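Novice: Encoded as structure tokens, here's the structure I'll be asking about.
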Amino acid sequence: MKPVRGAILPTPRRLHAPTDLTGRGVTMAFLDAGFYAHPDLTQPQDRILAYVDVTNPRATRAALDVPDDSAWHGMMTSVVACGNGHLSGGRYRGLASGASLVLVKCGQVRRVAHGDIQRGLEWVYRHRRQYGIRIVNVSVGGDYEASYHHDALSRAAERLVRAGVLVCAAVGNAGHLPGHPVLPPASAPGVLAVGGHDDKNQLAFEDYDMYHSSYGPTIDGLQKPEVLAPGIWVAAPILPGTPTAAQAHLLHALSEAPAAALREVIAAHPGVDPALDAARHLEPPLIRQLIEARLRDDKVISGHYKHVDGTSFAAPIVASLAAQMLEANPALTPQAVRRILIRTARRLPHVPVDRQGWGVISPAAAIEEARAWRPAPAN
């Protein structure tokens, strides 16, 4: 991993995205291992319309207040797309910071089963009208490669698309492995499969490179992914109430403390970080070196955020851009959103086409084209 230079860029800025659209009036569903009612989604207004656990019918909304290990991934993916940056003064907000959310838990921290993702998509299909769901983000993948002709998970995704719901799915992170397989639902033809690129936390397009995304051809001979979004250096929330959060708060406080106060700050937080406790006797310059190394290695941005990588985070970025497009033009169909995103994407000139599809999303161009789109007249 290359060293990042300077502060982590907010997603809207790194994508040169318009700021007058926030996905207002659009409902997005998220399928993941678990979720948490993060302040960036609930303050000052709670935008979570519904929560369901397809693996536990007795689960209630109260489960969103429990910071267990399963909550990490879905909390991050949903906030990357729809967070309003409440804990960062608005800095680390998603493109769809005004959208409403439906959260569908379909697994645990160590296991998200093929069939449970299917059940999650089927739940969304049955409740799409009740909640006005227009977009589904799936940042988890099935257990095996499968033809969409026979795979029930792929068929559930295709049915949603035909019903007017855009399905965005992470293509996976196996681009560096033999076979680089693309798993359902990303492998289904109607699903918008999203890969990742590495912008090196910079704004210049000519410096962009690829992330190690999975890519096709799929088992059915389809080329995936269709488009790319940032797959690394993405700001995401730290799960409140966890030891990781306590360590991040301490590291951030130490990064802003004067050298003479470092020992005092560490002493005031015993047990939070054993490595820092053990370093209290060192001279301040050595303590400072340890703090800087920990901030870098733990990817800490502040006490509330860290930077993450994976196509799991590229997919919700594309889903959040789709929400902006639907706010601009609610008449858009999933097929129209897909075509516009593909048509306006920019290819990386030095990367093989089979790895990147049509290239990096271009929010401003996509939104401009979305505003102008009109459905074809009926025969």
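Novice: May I have the convex hull volume per residue, in Å³, for the Cα set of the chain? Mind showing how you got there, number by number?
Specialist: Values: hull volume 55.6 nm³, N = 379.
Hull volume normalised by residue count: 147 Å³.
Novice: From the backbone phi of segment 167-172, what are the Karplus-calculated ³J(HN,Hα) couplings (6.51 cos²θ - 1.76 cosθ + 1.60, θ = phi - 60°) in whole Hz, Gly and Pro given as x?
Specialist: 10, 9, 9, 5, 7, x
Novice: With only Lys, Arg, Asp and Glu charged, each at its Cβ (+1 for the first two, -1 for the last two), find how big the charge dipole of segment 1-133 is about the Cα centre; round to the nearest 20 debye. Don't skip to the end; give the middle numbers.
Specialist: Numbers: 17 positive and 10 negative charges, 74 e Å.
For segment 1-133, the charge dipole is close to 360 debye.
Novice: Something else about it: Give the total of Lys-Lys pairs in the chain with Cα-Cα distances below 21 Å; include a pair only if its members are 8 or more places apart or on different chains.
Specialist: Values: K2/K200; K2/K299; K2/K306; K200/K299; K200/K306.
Lysine pairs meeting both conditions in the chain amount to 5.
Novice: Let me ask another. What ranking do 252-261, 335-344 get when scored by the average of other Cβ atoms within 10 Å per residue, highest first? Before the final figure, lay out each step's value.
Specialist: Details: 252-261: 14.0, 335-344: 19.2.
Top of the packing list down: 335-344, 252-261.
Novice: Figure the gain on full extension for A293 and W373 (residue separation times 0.36 nm, minus the Cα-Cα span) and round it to one decimal in nm. Write out the running numbers ahead of the final one.
Specialist: Numbers: separation 80, 0.36 × 80 = 28.80 nm, distance 4.96 nm.
Extending this stretch completely gives an extra 23.8 nm.
Novice: Carbon and sulfur atoms: what percent of the 1.4 Å accessible area of the chain do they account for? Write down the numbers at each step before the final one.
Specialist: Numbers: 8190 of 15540 Å².
With neighbouring chains kept in place, the figure for the chain is 53 percent.
Novice: Rounded to the nearest 5, what is the percent of antiparallel bridges among the DSSP beta bridges in the chain? Don't skip to the end; give the middle numbers.
Specialist: Values: 9 of 37 bridges.
Once the DSSP bridges in the chain are tallied, antiparallel ones form about 25 percent.
Novice: So what's the net charge close to A174: Lys and Arg +1, Asp and Glu -1, counting the other residues with Cβ under 15 Å from its Cβ? Before the final figure, lay out each step's value.
Specialist: Values: positive: K224, R355; negative: D143, E145, D309, D354.
Here the count lands on -2.
Novice: Still on this structure, please answer the following. Averaged across orientations, what area in nm² does the convex hull of the alpha carbons in segment 214-291 project? Present the calculation step by step, with values, prior to reporting the outcome.
Specialist: Numbers: hull surface 32.9 nm².
Approximately 8.2 nm², given one-decimal rounding.
Novice: Per residue, what accessible area does the chain have, given a 1.4 Å probe and all protein chains present, in Å²? Don't jump to the answer; show the numbers that get you there.
Specialist: On the way: 15540 Å² over 379 residues.
Accessible area per residue: 41 Å².
Novice: Could you work out which residue, out of P18, P352, P181, moves most in a Gaussian network model of the chain, that is, has the largest mean-square fluctuation with Cα springs under 10 Å?
Specialist: Its mean-square fluctuation being the largest, the pick is P352.
Novice: Take the Cβ-Cβ distance between T60 and E283 as r, set R0 to 51 Å, and report the resulting FRET efficiency rounded to the nearest 0.05.
Specialist: 0.45
Novice: What nm distance separates the two modelled labels at Y144 and E264, each placed 7 Å from Cα along Cα→Cβ?
Specialist: So the label points at Y144 and E264 sit 6.3 nm apart.
Novice: From the Cα gyration tensor of segment 71-184, with a ≥ b ≥ c the square roots of its eigenvalues, which class applies: rounded if a/c is under 1.5, or else prolate if a/b is larger than b/c, or else oblate? Don't skip to the answer; put the middle values down first.
Specialist: Numbers: a/c = 2.02, a/b = 1.30, b/c = 1.55.
Oblate shape, in that a/c is at least 1.5 and b/c is the bigger or equal ratio.
Novice: Go ahead and estimate [θ] at 222 nm for the chain from helices alone: -39,500 (n - 2.57) per DSSP H run with n ≥ 4, summed, over the residue count, rounded to 500.
Specialist: Working: 13 runs with 131 residues, N = 379.
It comes out at -10000 deg cm²/dmol, rounded to the nearest 500.
The values are calculated or read from the model by the stated rules, or taken from the named source; none is laboratory data. Keep in mind that what you see is a predicted model, and the values were worked out from it rather than measured. Here the Cβ is made from the backbone with ideal geometry for all residues, glycine too, and neighbour counts use every protein chain on show. When the accessible area is computed, the model is the full protein with side chains, heavy atoms only, and any ligands, DNA or RNA have been set aside. Shrake-Rupley method; radii C 1.70, N 1.55, O 1.52, S 1.80 Å.
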